[in-house]
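Asks: Let me begin by handing over the structure; questions about it come next.
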Amino acid sequence: MNKQLILLRLGELTLKGRNRHRFEAQVLQQLKRVLQPYPAVTIRQEFGRVYLELGGEPLNAIRAELLKVFGLHSFSPAIRCGLELPEMEAAVLLAMADLPQPPKSFKISTRRVNKSIPLDTYELNRFFGGAVLREYEGLTVDVHNPELEIRVEIREKETLVFSEVQPGPGGFPLGSNGRAMLMLSGGIDSPVAGWLAMRKGLRIEAVHFHSYPFTSERAKEKVIELTRILAGYAGKITIHLVPFTDIQTRLKQECRENLIITLMRRAMFRITEQLAGQRAAHAIVTGESLGQVASQTLPSLHVIGQAATLPLLRPLITMDKEEIITIAARIGTLPVSNLPYEDCCTLFVPKNPSTNPNLNVVVRQEQWMPWLEEAIRTAVENTEKLFIYPNQAEETDYLF
Ligand code: ATP
Ligand code: MG
């Protein structure tokens, strides 16, 4: 008798009726994807509940996979036993024994679907509680605010006992809210922004600007590696690698130094918007966070954002760096983001970038550069596209 079952709770309690149905189907699809390497696991649906039967596959590995399924609110590994009281008692004691350390207070909550059991839930709670108290000295029962709640669900054919409720990633199932382009640098922020966008139900495609040979092959590999980590949550992510050297060097030659960043970022948005058009994506996601650098003041965000007409989603806009780093560590992107290789922006950073650019001045600058339109088109045309999969060293070229 050990934990051979995981009870799943699918998220967004506010959803009703048909939406709820579609939501569940989409979460199940993602579940099947992450469980592919574990063929013995089966998914069961019963009475509006979803379970995994582990079939002997390792619990901890499955836990890690479940953390990649958006729309999964929480889950509970459970012990299964029969309908005899001594068996149930043994399962309750096993649930206790499995804890890293015993709690100070607990309660038992029994649910009894099977009415053939001779005791009512009150008597059952007392029965199992008594067994625990006999085994563990110094424990107290606290029905209002227990440190540990052991749940016993007595069903028609079996009993489930569990105490742990592990939070899942929550959010909406992948793709249920459409598609967006993620501007992905090699930094800490944009992968986190991408993960948060995916959690909100967006299927993302990454767009990365590189300035080869000013930026190295390693910098590109780093971004591909970040995309691969994000692909663990999605199954596959397309990355668009945009050659940005020409635009960057010409901007540097021709414009006022303090406006280079503004103009560069406007060009990035325009390119990303064109790529979004090709891919029927309806938003652009960035890792911008208010006040972090000169290009992320409100006036800068305004002037830069005017270059695109699609909704600009900035999931990190109000977050502190520490909060962002915490998420980056949790989702697994932080160690790769911390690798040293430069991305294209850092190479062209002027000494005094404008924190308060003027939209008219910037637009006029752009009008003095008739080549820009053509250069943007060329960059879009020469963009390299790759499919990135979670566990694969080789990329597949993008064909369609
Ligand atoms: P990050 O940690 O994501 O690199 P940052 O704090 O370094 O962000 P910026 O360099 O101002 O901030 O970039 C702001 C946002 O612009 C990034 O979060 C990302 O969405 C986008 N961006 C910056 N550089 C690139 C690039 N080379 N390719 C694609 N997107 C980029
Ligand atoms: Mg950066």
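Asks: Return the only residue of Glu65, Glu89 being under 28 Å from the mean Cα position of the chain (by Cα), of a type in the set (D, E, K, R) and crowded, with 16+ Cβ neighbours inside 10 Å.
Replies: Going through Glu65, Glu89 in turn, the sole match is Glu65.
Matching residues to (1) touching a strand residue (DSSP E or B) at 6+ places or on another chain (Cβ under 7 Å); (2) within 29 Å of Ile117 (Cβ to Cβ); (3) not aliphatic (A, V, I, L, M):
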{"position": "His21", "(1), (2), (3)": "no, no, yes"}
{"position": "Pro37", "(1), (2), (3)": "no, no, yes"}
{"position": "Glu46", "(1), (2), (3)": "no, yes, yes"}
{"position": "Leu54", "(1), (2), (3)": "yes, yes, no"}
{"position": "Ala61", "(1), (2), (3)": "no, no, no"}
{"position": "Cys81", "(1), (2), (3)": "yes, yes, yes"}
{"position": "Glu84", "(1), (2), (3)": "no, yes, yes"}
{"position": "Glu89", "(1), (2), (3)": "no, yes, yes"}
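Asks: Next up: Filtering segment 268-313 down to residues that are farther than 24 Å from Val192 by Cβ and among the hydrophobic types (A, V, I, L, M, F, W, C), which residue is farthest from ligand 2 (Cβ to nearest atom)?
Replies: Among those residues, the one meeting the criterion is Ala280.
Asks: Do you know which residues across segment 155-171 are out of contact with any Cys (no Cβ under 9 Å at 6 or more places or on another chain), of a type in the set (A, V, I, L, M, F, W, C) and modelled with pLDDT of 95 or more?
Replies: Matches in segment 155-171: Phe162 only.
Asks: Please enumerate the residues belonging to segment 188-221 that are of a type in the set (Gly, Ala, Ser), within 16 Å of ligand 2 (Cβ to nearest atom), at pLDDT 95 or above and not in a helix (DSSP H, G or I).
Replies: Ala206, the sole residue that qualifies.
Asks: Give the residue that is surrounded by the fewest Cβ atoms within 10 Å (Cβ to Cβ), with candidates limited to residues of segment 131-176 that are assigned to a helix (DSSP H, G or I) and out of contact with any Asp or Glu (no Cβ under 8 Å at 6 or more places or on another chain).
Replies: Only one residue fits best here, namely Arg134.
Asks: Name the single residue that is farthest from Gln26 (Cα to Cα) among those in segment 232-261 being small (Gly, Ala, Ser) and surrounded by fewer than 22 Cβ atoms within 10 Å (Cβ to Cβ).
Replies: Checked segment 232-261; the qualifying residue farthest from Gln26 (Cα to Cα) is Gly232.
Asks: List the pairs whose first member sits in segment 184-196 and is over 20 Å from Pro169 (Cα atoms), whose second member is of a type in the set (Asp, Glu) and near ligand 2 (Cβ under 10 Å from one of its atoms), and whose Cβ atoms are under 8 Å apart, counting only residues at least 6 apart or on separate chains?
Replies: The qualifying pairs are Ser185/Asp343; Gly186/Glu342; Gly186/Asp343; Gly187/Asp343.
The values are calculated or read from the model by the stated rules, or taken from the named source; none is laboratory data. Here the structure is a predicted model, which is why all the values come from computation and not from measurement. Don't worry about glycine lacking a Cβ; one is built from the backbone with ideal geometry, like all the others, and counts go over all protein chains shown.
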